[in-house]
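Asks: Supplied in structure tokens, the structure appears directly below.
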Ligand SMILES: [Zn+2]
């Protein structure tokens with residue numbers, strides 16, 4: 001088990017969006033390897049899926065947002081219909 005300090009959690013949260021609240025169990029270290037933070041995010045911008053702090057990569061999971069594309073990081077479509085993977089076919093000539 002590792003303890004994620006509050007400073008690192010707040011640093012990651014502020015990279016995701018506007019931190020609203022840090023879970024009480026996260027602050028006391030009760031949540032172990034997980035930190036739970038309430039963050040206000042701008043869904044028109046790509047969401048961060050991982051963040052590196054001091055050489056260590058932390059993976060970010062967005063609870064309550066199910067339609068996030070893992071390819072471009074945007075909300076509103078799945079990777080199956082991502083415009084980055086499937087470019088529209090050229091119009092018939
Ligand atoms: Zn996409």
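Asks: In the range 67-85, what residues are within 12 Å of residue 47 (Cα to Cα) and modelled with pLDDT of 85 or more?
Replies: 67, 68, 69, 71, 72, 73, 74, 75, 76, listed by residue number.
Asks: Looking for something exposed (fewer than 13 other Cβ atoms within 10 Å of the Cβ), part of a loop (DSSP other than H, G, I, E, B) and touching a strand residue (DSSP E or B) at 6+ places or on another chain (Cβ under 9 Å) - is there at least one such residue anywhere in the range 58-67?
Replies: Yes, the range 58-67 has at least one match.
Asks: Among (1) within 12 Å of the ligand (Cβ to nearest atom); (2) assigned to a strand (DSSP E or B), which single condition is residue 84 missing?
Replies: The failed condition is (2).
Asks: Considering only the range 56-65, I want to know if a residue exists there that is within 11 Å of the chain's Cα centre (by Cα), closer than 25 Å to residue 8 by Cα and within 16 Å of the ligand (Cβ to nearest atom).
Replies: Yes; the residues of the range 56-65 include at least one that is within 11 Å of the chain's Cα centre (by Cα), closer than 25 Å to residue 8 by Cα and within 16 Å of the ligand (Cβ to nearest atom).
Asks: Let me ask something additional. Given the conditions (1) touching a helix residue (DSSP H, G or I) at 6+ places or on another chain (Cβ under 8 Å); (2) more than 16 Å from the ligand (Cβ to nearest atom); (3) in a loop (DSSP other than H, G, I, E, B), which single one is not true for residue 91?
Replies: In the conditions (1) touching a helix residue (DSSP H, G or I) at 6+ places or on another chain (Cβ under 8 Å); (2) more than 16 Å from the ligand (Cβ to nearest atom); (3) in a loop (DSSP other than H, G, I, E, B), residue 91 misses (1) alone.
The values are calculated or read from the model by the stated rules, or taken from the named source; none is laboratory data. Everything numeric here is computed off the predicted structure, so don't read it as measured data. Ideal geometry is used to build each Cβ from the backbone, glycine not excepted, and the neighbour counts take in all protein chains shown.
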